[in-house]
Amino acid sequence: MSCKDSRMKALSLILLAGLSGCTAPNPKSCADNFCHDPSLPFCDKDGSIGGTPNTCIAVACTPNEFAACRSDEVLRCNSAGNEYDVISCEFGCNELSGGCNPCVPGGADCQPQIIPAHLPDVCNVLAELPAFTVSSSMSLDTSDDSNCTGGIIDQATGPDICVLRHESIVLRSAGTLTVKGNRALALVADHDIALDGVLDISADGVTNGPGGGVAKSGGVGIVPAGSGGAGFKTTGADGGNDTGNGGANNGGPAASMNPALLVELVGGAQSQPYAGSCSFGDKCGYPGGAGGALAVISCRGAVTIPGMIDAGGGGGISGTDIFDSPTPGPGGGGGSGGYIVIQGMSISVTGELYSNGGGGGAGHASGQCELGYFGCGGDGTRSATESARGGLGSQGGGPGGNGGREGAPPSNGWKRTDTTFGTSGGGGGSTGFIQTYTPSVNPPLLTPRGVSPAFEPNLTAQTR
């Protein structure tokens, strides 16, 4: 070999070494789904073993021992104890049993199902009742045990849950299902749920929606100050006082945690009732009711919503009526919207979902709300662009604040303008929450005609 050839060969080796150094993969990363270092053989894609996703890790485990579930896969130690075997489960992985869920011929486990948030066991047994169909106007009282066809679930600190359990659930386009009662409502079907009509779990004035109002939020008005609106997704608005609009500084705080992160199913919040005397009965200055709590669960099928769900809060009552003896009371705060949670193997929303806050009541108003006058705050609207109005004051009474909606937080109650007969208005109530859950491989299709507030980010429904 000539000197020239030797020099060329040496240069080539140097170049190859340099190129190799530039392109060598990170031995601890498996972002490309491969682990290149034999001493770090396992790609921990989701961090279920080591805690950091897409990391190559060393394995030292007990042969054939269950390690973890990774979505619908079982991670099990291999026979040599130096690697994890990945086993795909047709019916989901079960952490408690340490393996794949079995399929019992003819049983519920033969078809994949979700494990619903708030009600993790509700899908474990197939429904005994056929389809539940609403074709016209219908009322349902969750306080009536006979309506809870799937039983009643007690919650330690939240409202009890009335479970309506059927093979499938259909609300036709001409149907309206209006729900009231002390218990929250869970619509649970083995297969599809189709809501083409109107499902109403909203507050009605001072009356809470189903399961709403367990939480109290917002300070009671002390004459001349108006009461604070109830907080939930956002803070509630402040009542007015002699200092100024919103001067009472008594709006309810926002919820400390998204209700999706709670074990229990909860509804909206209600402000505090006025404890003093007033001129037309015990509704003087009373707060608006809270929107209800609703879980819509298709265990093994699809949830489709071309229709509407309304979980709005109620409007606060005005403080006093100038046609009665002038015993001043404060304007009542607006109630918050409720909580709507939709869960299924797939979800499609093309309709309307609302959980808007109620308006605050006026301080001194012309005429009683029960008689159609305008001193009371409006109930949460079925709109993404219009807020529930605050009550209209008169004769020196301050108006109430508007309820909250997407893009417009609740507004404060106004100060009184007459210090002899007037009182200040109550603050508006916050919006509620709207949440969805689907398996990670099947994100929801959310193209609503209207929604307020906006959907929370979709959460992963575990399956079995």
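Considering every alpha-carbon pair of the stretch 25-106, the percent of pairs per 10 Å bin, from zero through the bin containing the longest distance, is 21, 46, 26, 6, 1. Rounded to whole Hz and in sequence order, give me ³J(HN,Hα) for the stretch 254-269 from the Karplus expression 6.51 cos²θ - 1.76 cosθ + 1.60, θ = phi - 60°, writing x for Gly and Pro. Per-residue couplings from phi come out as 5, 4, 5, 8, 4, x, 5, 8, 8, 5, 8, 8, 10, x, x, 10 Hz. Each Lys or Arg adds one and each Asp or Glu subtracts one; over the other residues with Cβ under 13 Å from the Cβ of Cys35, this totals -2.
Shape index of the chain: Rg/Rh, with Rg the Cα radius of gyration and Rh the Kirkwood radius from the inverse mean 1/r over Cα pairs, equals 1.19.
If R0 is taken as 41 Å, the Cβ-Cβ distance between Ser137 and Leu445 corresponds to a FRET efficiency of 0.90. A cut-off under 13 angstrom between Cβ atoms defines the neighbours of Ser139, and their net charge, with Lys, Arg +1 and Asp, Glu -1, is -3.
Ranking Thr381, Ser411, Pro443 by how far each Cα lies toward the positive end of the dipole of the stretch 356-464 (charges on Cβ) leaves Pro443 at the top. Taking all protein chains as shown and a probe of 1.4 angstrom, Thr235 keeps an accessible surface of around 80 Å². Across the stretch 86-238, Cα-Cα pairs farther apart than 26 Å form 43% of the total. Counting only DSSP H runs of at least 4 residues, each contributing -39500 (n - 2.57), and dividing by the residue count of the chain, the helix-based mean residue ellipticity at 222 nm comes to -1500 deg cm²/dmol.
Between Ser383 and Ala68, the modelled label-to-label distance comes to 5.0 nm, taking each label 7 Å out from Cα in the direction of the beta carbon.
Residues whose amide H comes within less than 5 Å of that of Gly291, counting only those at least five positions distant or on another chain, are Ala203, Gly209, Gly268, Ala269, Gly313, Gly314, Ser336, Gly337, Gly338 (H built at 1.01 Å from N in the peptide plane). For the pair Lys216 and Ser346, the difference between a 0.36 nm per residue extended length and the Cα-Cα distance amounts to 43.3 nm. Across the stretch 191-203, computed HN-Hα scalar couplings (Karplus, 6.51 cos²θ - 1.76 cosθ + 1.60, θ = phi - 60°) run 10, 6, 10, 10, 10, 8, x, 10, 10, 10, 10, 7, 6 Hz from first to last residue, x flagging Gly and Pro. Ordered by solvent-accessible area of protein heavy atoms (1.4 Å probe), largest first, the residues Ile152, Ile161 come out as Ile152, Ile161.
Extension gain for Asn249-Ile87 works out to 52.5 nm (0.36 nm per residue, less the C-alpha to C-alpha distance). Tell me the net charge near Gly197. Cut-off is 14 Å between Cβ atoms, Gly197 excluded, with +1 for each Lys or Arg and -1 for each Asp or Glu. Surrounding charge for Gly197 is -2.
For the stretch 194-245, the Kirkwood hydrodynamic radius comes to 13.3 Å, computed from all pairs of different C-alpha atoms.
Across the accessible surface of the chain, with the other protein chains kept in place and a 1.4 Å probe, carbon and sulfur atoms take up 55 percent.
Derived scalar couplings between HN and Hα for the stretch 129-142 equal 10, x, 4, 9, 10, 10, 10, 9, 7, 8, 10, 9, 9, 6 Hz in order, rounded to whole Hz, by the Karplus curve 6.51 cos²θ - 1.76 cosθ + 1.60 (θ = phi - 60°), x for Gly and Pro. The modelled label-to-label distance between Glu128 and Ala156, using points 7 Å beyond Cα along the C-beta direction, is 3.0 nm. Across the stretch 373-464, the convex hull enclosing all Cα atoms gives 112 Å³ per residue. Rolling a 1.4 Å probe over the heavy atoms of the protein chains gives the stretch 68-158 an accessible area of 53 Å² per residue.
Between Asn78 and Thr420, the contour length at 0.36 nm per residue exceeds the Cα-Cα span by 114.8 nm.
Here the calculated FRET efficiency for Val263 and Asp144, from their Cβ-Cβ distance with R0 = 35 Å, stands at 0.85, rounded to the nearest 0.05. Between Phe42 and Ile57, the built amide H atoms are under 5 Å apart, and every one of these is 5 or more places off in sequence or on another chain.
The values are calculated or read from the model by the stated rules, or taken from the named source; none is laboratory data. No experiment lies behind these values; they were computed from the predicted model shown. Every residue, glycine as well, gets a Cβ built from its backbone with ideal geometry; the counts of neighbours run over all protein chains shown. Please note that ligands, DNA and RNA were not included when accessible areas were found on the heavy atoms of the full protein model with its side chains. Shrake-Rupley method; radii C 1.70, N 1.55, O 1.52, S 1.80 Å.
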